[in-house]
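J.: So that we are looking at the same thing, I have put the structure below in structure tokens.
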Amino acid sequence: MRENEAEFRRRGANLAAIGLGDLHYARIFREETRITFPLLVDAGRIAYRAIELRKTTFFGLFTRENFRARSRARAAGHRQHKLGKDPFQLGASFVFGQGNKDLYVHLSAYTGDNAPMASLLAAIS
């Protein structure tokens, strides 16, 4: 998201991230990633439970899809940050529009299953 923040803003979007960790972890994550958009902390997992986000298992970390996602991330220069509160929690990406409209929803099926940036940008064009 950080690499595409200017394009999101050019299209009139606001960005935010939600994490499971505490404020200390969020501060470290912000410093390491240099994100400038809001980073919210959901220590009680309220949003995660409300959306019913999936979790992976220990063995899920060793799937072919996960291996490919890690390889793509390394090739793009990304690295693993400090493990968060629940390393098995999978994420999601959303684009919300005016009037509480869900314009785009991507629920991760495995670790590293991130929404395609082109799809996120297309949802706000």
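The values are calculated or read from the model by the stated rules, or taken from the named source; none is laboratory data. Fair warning: this is a prediction, and the values are worked out from it, not measured in the lab. As a convention, Cβ positions derive from the backbone with ideal geometry for all residues, glycine included, and neighbour counts pool all protein chains shown.
J.: Being surrounded by 16 or more Cβ atoms within 10 Å (Cβ to Cβ) and part of a helix (DSSP H, G or I) is the filter here; which residues of the stretch 5-17 pass it?
T.: 8
J.: Is it true that some residue in the stretch 23-37 is part of a loop (DSSP other than H, G, I, E, B) and modelled with pLDDT under 80? Reasoning before the result, please.
T.: Start the filter on the stretch 23-37 by keeping residues that are part of a loop (DSSP other than H, G, I, E, B), which leaves 34-37.
Still in the running and modelled with pLDDT under 80: none.
No - not one qualifying residue is present in the stretch 23-37.
J.: In the stretch 84-123, what residues are touching a residue at least 24 places away in the same chain (Cβ under 8 Å), more than 22 Å from residue 62 (Cα to Cα) and crowded, with 16+ Cβ neighbours inside 10 Å?
T.: Selection gives 93, 95, 120, 121, 123.
J.: Please specify each residue of the stretch 108-121 satisfying the condition of being under 10 Å from the mean Cα position of the chain (by Cα) and of a type outside the set (Ser, Thr, Tyr).
T.: Initially, the stretch 108-121 is screened for residues under 10 Å from the mean Cα position of the chain (by Cα), giving 108, 112-115.
Residues satisfying the conditions are 112, 113, 114, 115.
J.: Out of 61, 53, 20, which single residue is at pLDDT below 90, touching a Leu at 6+ places or on another chain (Cβ under 7 Å), at negative phi and surrounded by 12 or more Cβ atoms within 10 Å (Cβ to Cβ)? Talk me through it step by step, then tell me what you get.
T.: Numbers: 61 fails: touching a Leu at 6+ places or on another chain (Cβ under 7 Å); 20 fails: touching a Leu at 6+ places or on another chain (Cβ under 7 Å).
Sole residue among the options that is at pLDDT below 90, touching a Leu at 6+ places or on another chain (Cβ under 7 Å), at negative phi and surrounded by 12 or more Cβ atoms within 10 Å (Cβ to Cβ): 53.
J.: Which one of the conditions (1) within 19 Å of residue 106 (Cα to Cα); (2) at pLDDT 85 or above; (3) not in a loop (DSSP other than H, G, I, E, B) does residue 66 fail to meet, given that it meets all the rest?
T.: Result: residue 66 passes all but (2).
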